[in-house]
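Presented below is the structure to which this report refers.
Derivation of every value follows stated rules applied to the coordinates shown; laboratory data play no part. Predicted model only: the values in this text are computed from it and were never measured. As a convention, Cβ positions derive from the backbone with ideal geometry for all residues, glycine included, and neighbour counts pool all protein chains shown.
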Amino acid sequence: MRKQEEESIDLAKEHLAKTELCLKEMVNTFNAYLENKGKEAENFALQVDRLESEADNLRREIAKGLFGGAFLPLFRESFLNFVEAVDKIADEAESCCDLIMLESPDVPDDLKLSFKEIVRDSVLSFQPLKEGFGYLLKDFSLILEQVQKVNVKEAEVDQKEEDLTRRIFSSNLELAQKILLKQLVAKICDISDRAEDAADRLEVLAIKGRI
């Protein structure tokens, strides 16, 4: 493997690590918000903004290296598609935090634990994605194993989204509050959806890496 290609893979790993930190601060933001710690939530949300910007800068740096000739064209395109799919996960984390900090949805006490759990589970879908990339150009079967783990986690989150949405609309809350909470749940679950999208990109990348 050429030095330029090694650098691209190292930068992609750094981008994944930055995205993981962004998700961690997103979880901290939600936990603080749901515990009525407004100032702490605001500070965590600022960290999410910073980390998302840093991830975006890494994405641009990776693209620059790829356009400079790293990898063969067939692999290069799929590599960039994967990085851009991962970057959308960081974007969603920032978007989630923006929603709660700007719109301040009122989450009833009896739903707070469920919100914490769905945030946690949606974010957990990222871990096997990151691990799977570590096997790129090394072990195809282990990549597929991690991709499947992402898909399983995403399906679990989908079910929890449906269950929590049903609880929201069967409650005695005002309709406007129900709609806002439903939007919040959907936004949280976009994290696992984007992780699944990135896992699909990783699978394609792994296949092309065998050609």
Rounded to the nearest 10 degrees, the helix 38-67 long axis (Cα) sits at an angle to the longest Cα principal axis of the chain of 20 degrees
Ordering 192-202, 131-141, 170-180 by per-residue average of other C-beta atoms within 10 angstrom, highest first, gives 192-202, 131-141, 170-180
Mean separation of Cα contacts under 8 Å (at least 6 apart) over the residue count of the stretch 3-209, i.e. the relative contact order in percent, is 27 percent
Looking only at aspartates and glutamates whose Cα falls under 15 Å of Lys64's and that sit 8 or more positions away or on another chain, we get Glu5, Glu6, Glu7, Asp10, Asp56, Glu77, Glu84
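Please give the peptides 43-49, 67-73 ranked by average Cβ packing (other Cβ atoms within 10 Å per residue), highest first, as a rough proxy for protection.
Numbers: 43-49: 19.1, 67-73: 13.7.
Taking the mean over residues of other Cβ atoms within 10 Å, the ranking is 43-49, 67-73.
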In deg cm²/dmol, rounded to the nearest 500, the helical mean residue ellipticity at 222 nm of the chain, built from -39500 (n - 2.57) for every DSSP H run of length 4 or more, is -30500 deg cm²/dmol
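Taking the Cα centre of the stretch 3-209 as origin, work out the dipole magnitude from +1 charges on Lys and Arg Cβ and -1 charges on Asp and Glu Cβ, in debye rounded to 20.
Once rounded to the nearest 20, the dipole reads 180 debye.
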Expected unfolding gain across Ala63-Glu42 under the 0.36 nm per residue rule, minus the alpha-carbon gap, is 4.4 nm
One finds the C-alpha centres of the stretch 1-18 and the stretch 166-211 to be spaced, in Å, by 28 Å
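Summing +1 for each Lys or Arg and -1 for each Asp or Glu, what net charge is found among the other residues whose Cβ lies under 12 Å from the Cβ of Lys13? Show your work: numbers first, answer last.
Numbers: positive: Lys18, Lys130; negative: Glu6, Glu7, Asp10, Glu14, Glu20, Glu131.
Computed value for this residue: -4.
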In degrees rounded to 10, the 0-90 angle between helix 140-169 Cα long axis and the longest Cα principal axis of the chain is 20 degrees
For Lys116, counting only lysines whose alpha-carbon sits under 17 Å away and dropping same-chain residues fewer than eight positions off, the answer is Lys24, Lys37, Lys153, Lys160, Lys182, Lys187
Contour minus Cα-Cα span, Lys3 to Leu142, at 0.36 nm per residue, comes to 47.6 nm
